Amino acid sequence: MMRVFKLMPMLSALLLAAGCASPVSHYYTLLPEAAPSGTVRTAPIPPAYAISVQAVTVPAQVDRPQIVIGSPDSVALTPLNNSLWAAPLGSEIRQALAYDLSQRLGVLDVPAGVALKTQALWKISVIVHRFDSIYQQGVVIDASWRLTPVNQPKRTSLICQARVDVSAGPGIAALVQSHQKALHALAGVIAAQLSHKAIRPDSTVHLKGCT
């Protein structure tokens, strides 16, 4: 009986510790799923250039490991301590855009500072002005970008800005998926510019203009 009595406080402490365990953290990425083998889209004739998506600037309000959500008709923002980005938000956006553009155009995304001195290149610089995640409503990405030609004497720089609005269902995963769709739509506009095609953005994209 004495042995049982001495073990009881230890068991109680273990049960209490288990009950107070921290919630499991979930990590999310903006990168889309990789296309199955044999289904990767490439241009019919490989373009005579490469791209280099530069580091992406994001608003300070959302530049943190936690996913930050808002609510309709409120200026309050809530960082979710158990719903985190798999990488810094700027890196997540850069990687998602670079992957999407390289798949659409059939080109290489060259890391900054790695391109050959004679290689035709488009530097793509992106500034995200708004990255809103409104719970159970939708997402907003407002971004400007600059396309800078390198080793292309006949090309000129281009600066544009657009806003992308995508609705979202309930849950954090749904918000992240809507951000993926928004970035995919934004990449479609940039890809059309790089391939010198008419821009036909879908209904989620509101192109503010280019200079």
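I want the local charge near Arg146. Using Cβ-Cβ distances under 15 Å, sum +1 for each Lys or Arg and -1 for each Asp or Glu among the other residues.
After counting each charged neighbour, the total is +4.
If packing is taken as the mean number of other Cβ atoms within 10 Å per residue, what is the order of 205-211, 87-93, 137-143, highest first? Walk me through the intermediate numbers first.
Values: 205-211: 12.3, 87-93: 19.1, 137-143: 21.4.
With the highest mean Cβ count within 10 Å placed first, the list reads 137-143, 87-93, 205-211.
Figure the gain on full extension for Ala198 and Leu80 (residue separation times 0.36 nm, minus the Cα-Cα span) and round it to one decimal in nm.
38.4 nm
Compute the distance from the alpha-carbon center of the stretch 70-119 to that of the stretch 188-211, in whole Å.
The stretch 70-119 and the stretch 188-211 have Cα centres separated by 19 Å.
Quick one: Karplus J couplings for the stretch 191-200, per residue in order, coefficients 6.51, -1.76, 1.60, θ = phi - 60°, nearest Hz, x for Gly and Pro?
4, 4, 5, 5, 9, 6, 10, 5, 7, 10
Of the accessible area of the stretch 51-103, with the probe set at 1.4 angstrom, what percent is carbon plus sulfur?
52 percent
Please calculate the 1.4 Å probe accessible area of Tyr135, with all protein chains present, and give it to the nearest 10 Å².
90 Å²
The values are calculated or read from the model by the stated rules, or taken from the named source; none is laboratory data. This structure is a prediction, so every number in the text was calculated from the model and none was measured. Reconstructed Cβ throughout: ideal geometry from the backbone, glycine too, with neighbour counts over all protein chains shown. Surface accessibility is based on the protein's heavy atoms, side chains included, excluding ligands, DNA and RNA. Shrake-Rupley method; radii C 1.70, N 1.55, O 1.52, S 1.80 Å.
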